[in-house]
Amino acid sequence: MINEIVRVHDKFSVEIKLGYEPRKDRKVSEFSIKTWLFIPSGLDINSSTYTKEDFYNDFI
């Protein structure tokens, strides 16, 4: 079972929390999460203005 909580903090930030409860009848449980970010082109965010390292550091 996957529990999710979505909270809008303000017009610039959204918080998404996921919780995964493994099945007790299986020794091994697996799951995956796919995430897509849609960023408007008007924000001028691209590989030359926002590096992978910047994204990773902000994500962490």
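Brief remarks on what is shown
- Neighbours by Cβ (under 9 Å, 6+ apart or cross-chain): first from region 33-57, closer than 30 Å to Tyr20 by Cβ; second assigned to a loop (DSSP other than H, G, I, E, B) and of a type in the set (A, V, I, L, M, F, W, C): Ile39/Ile45
- Among residues of region 1-16, those that are open to solvent by 100 Å² or more (accessible area, probe 1.4 Å), part of a strand (DSSP E or B) and farther than 15 Å from Trp36 by Cα, counted: 5
The values are calculated or read from the model by the stated rules, or taken from the named source; none is laboratory data. Everything numeric in this text was worked out from a predicted model, so none of it was measured. Glycine gets a Cβ as well: all are built from the backbone with ideal geometry, and neighbour counts include every protein chain shown. Quick note on the areas: whole protein, heavy atoms, side chains included, nothing else; ligands and nucleic acids left out. Shrake-Rupley method; radii C 1.70, N 1.55, O 1.52, S 1.80 Å.
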